[in-house]
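Undergrad: If you scroll down you'll find the structure; I have some questions about it.
The values are calculated or read from the model by the stated rules, or taken from the named source; none is laboratory data. Everything numeric here is computed off the predicted structure, so don't read it as measured data. Here Cβ is always computed from backbone atoms with ideal geometry, including for glycine, and neighbour counts include all displayed protein chains. Heavy atoms of the whole protein, side chains included, go into the accessibility calculation; ligands, DNA and RNA do not. Shrake-Rupley method; radii C 1.70, N 1.55, O 1.52, S 1.80 Å.
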Amino acid sequence: MSLQSSIATAAGKSSYWFLHTFRNGGSSLPGKITLKLDPNILDELGKNYDVIVITGTNGKTLTTALTVSVLKEKYDNVLTNPSGSNMEQGIVTTFLTAKRGRNERPLAVLEVDEANVIKVTQHIKPKAFVFTNIFRDQMDRYGEIYTTYKKILDGVALAPNATVIANGDAPIFHSVNLPNPMIYYGFNNQADGDIKATPNTDGVLCPRCQHILHYNFITYANLGKYFCPYCGYKRPELNYQVTKLTELTPKSSSFEIDGEPMKIEIGGVYNIYNALAAYAVGRFMGVTPAQAQKAFQRDERIFGRQEEIKVNDKLVTLILVKNPVGLNQVLDTIATDKDPISFVGLLNANYADGIDTSWIWDGDFERLTQLNIKKYITGGERYKDITFRLQVAGVPDEDHMVEPNLDKVVEMIDDLPTKKVYICATYTAMLQLRKIFASKGFIEGGME
């Protein structure tokens, strides 16, 4: 290690120690300090790792967590960034805090922001990339889905020998011929028909002839078994597939992968895709179906992703929402709850959230009025926007409380009329809320 790299590493580790000893923690600043002193530090930090990069719009954090769990059935030394700090500085911090084993080449399973894939592959050549999905998200940062995919591919181009493990149900992931070895996963649990996606669905134009794609079946949004009746473009053959949905509840999902029964302790069809991606990575790395099944049985709650928090006598479920497709899937999951609930919607518009809040008008908030919701709260820095959106959706004023201050929102939870409370929050609102919960002793930590 060069003198520059040694100084940068020491400074980063010292700042991490200080933040986690005397402050409330933090995963970004140590990486920023290290990069300032040595912009090429990842050359040194990542050189002895087999790296798996997980990227895409939705599901990165849970896919990463499930992948780590699966790989730990076979490998002892797996490094990851569990708090979802997925930009370059957060990834540097992840390596800074690594505990190295002596007897094996370590693995690093990294959640990476789409625009930061190239910042990783400029220094590290991954063993594999995992593509979850691409939907409209943070339009101010990424633009349309095709520009987002271009950002990912610019990074992948620097690692042409890495295997790409992609969601085969997403038409965009089959639209460009890559030199990389390809593995596809997806759903194959329905009979074939001939349907089209609903209006206003992203990414349903055939990438070859620009006609509207048809589907034999759709799982959600633009994901499914697609084909073009005009030019013959179609979904690739799947290497790993969900063959059956057995039972879906707000807290768990039972299903089969290639006929093998699986269960994860989190609800939502969209989260089954995350498990399937983790399964595909595991099989690529030599993990058996039985080992994957065992890994999925661990009831590990993920930072801000359907995280259950006991607030006195209330059971609060905290869910990150950041774009219309994710929101709609969350509402589908909440709809499987048979008990009366209260709903809290918190909207911020900082850089990490995306400063454009117009996405809330594409989300199906009208669905809320069809659910067994007894009371609503809206808040956050952009509380006026989310409040007005729910009013337009038909939420009754007499059941709707407005509170911008998140400390007061937490205080109001005690007085809600239901035992179950679902909080849907954008990223920075979720972080702020977790800090409040931590300060009151409802969870152990706010940031990580």
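Undergrad: Which helices pass in the chain if a helix is a full DSSP H run, must span at least 24 angstrom along its long axis by Cα, and must have mean Kyte-Doolittle hydropathy not below 0.0?
TA: 3-22
Undergrad: Counting only pairs 8 or more places apart or on different chains, how many lysine pairs in the stretch 324-448 have C-alpha atoms closer than 12 Å?
TA: Total qualifying Lys-Lys pairs in the stretch 324-448 comes to 5.
Undergrad: On to the next question. Please give the per residue accessible area of the chain, computed with a probe of 1.4 Å over protein heavy atoms only, in Å².
TA: With the other protein chains kept in place, the chain gives 42 Å² per residue.
Undergrad: Along Cα→Cβ, 7 Å out, is where each label goes; now give me the distance between the ones at residue 388 and residue 200 in nm to one decimal.
TA: Distance between the two pseudo-spin positions: 1.7 nm.
Undergrad: Residue 99: which lysines have alpha carbons under 24 Å from its alpha carbon, excluding same-chain residues fewer than 8 sequence positions away?
TA: Hits, sequence-local ones excluded: 13, 32, 36, 47, 60, 72, 74, 119, 125, 127.
Undergrad: Could you work out the local net charge near residue 11, counting Lys and Arg as +1, Asp and Glu as -1, over the other residues with Cβ closer than 13 Å to its Cβ?
TA: Here the charged neighbours net out to +2.
Undergrad: What is the calculated FRET efficiency for residue 336 to residue 13, with r their C-beta to C-beta distance and R₀ = 41 Å, to the nearest 0.05?
TA: 0.35
Undergrad: Follow-up. Would you kindly state how much longer the chain becomes between residue 415 and residue 364 on full extension, computed as 0.36 nm times their sequence separation minus their alpha carbon distance, in nm to one decimal?
TA: Here the answer is 15.6 nm.
Undergrad: Applying a 10 Å radius around every beta-carbon, put 182-193, 55-66 in order of their mean neighbour count, most first.
TA: In descending order of packing, they fall as 55-66, 182-193.
Undergrad: Which value results when the Cα radius of gyration for the chain is divided by 2.2 N^0.38 Å?
TA: Here the Cα radius of gyration is 0.97 times the empirical estimate.
Undergrad: Please report, in debye to the nearest 20, how large the charge dipole of the stretch 269-340 is about its Cα centre when each Lys and Arg carries +1 at its beta carbon and each Asp and Glu carries -1 there.
TA: For the stretch 269-340, the charge dipole is close to 260 debye.
Undergrad: Please tell me the relative contact order of the stretch 185-243 in percent, rounded to the nearest whole number, where contacts are Cα pairs under 8 Å and at least six residues apart.
TA: Relative contact order here is 39 percent.
Undergrad: I would also like to ask the following. Work out the charge dipole of the chain with +1 on the Cβ of Lys and Arg and -1 on the Cβ of Asp and Glu about the Cα centre, then indicate which of 81, 171, 145 is farthest towards its positive end.
TA: Of the listed residues, the answer is 81.
Undergrad: Checking the a/c ratio against 1.5 first, then a/b against b/c, what shape does the Cα gyration tensor give for the stretch 316-448?
TA: Judged from the Cα gyration tensor, the stretch 316-448 comes out rounded (a/c under 1.5).
Undergrad: Let me ask another. Given labels modelled 7 Å from the Cα in the Cβ direction, how far is it in nm from residue 125 to residue 3?
TA: Distance between the two pseudo-spin positions: 3.1 nm.
Undergrad: Please report, in debye to the nearest 20, how large the charge dipole of the stretch 307-387 is about its Cα centre when each Lys and Arg carries +1 at its beta carbon and each Asp and Glu carries -1 there.
TA: For the stretch 307-387, the charge dipole is close to 280 debye.
Undergrad: If you roll a 1.4 angstrom probe over the protein chains with everything in place, what fraction of the accessible area of the chain belongs to carbon and sulfur, to the nearest %?
TA: Accessible surface attributable to carbon and sulfur in the chain totals 49 percent.
Undergrad: Taking the Cα-to-Cβ direction at residue 252 and at residue 297 and moving 7 Å from each Cα, how far apart do the two end points lie in nm?
TA: In this crude spin-label approximation the distance works out to 1.2 nm.
Undergrad: For residue 178 and residue 144, FRET efficiency with R0 = 25 Å and r from the beta-carbon atoms, rounded to 0.05?
TA: Approximately 0.80, to the nearest 0.05.
Undergrad: Output the lone cysteines of the chain: those with no second cysteine's C-beta under 4.7 Å from their C-beta.
TA: Within the chain, the cysteines lacking a partner Cβ under 4.7 Å are 424.
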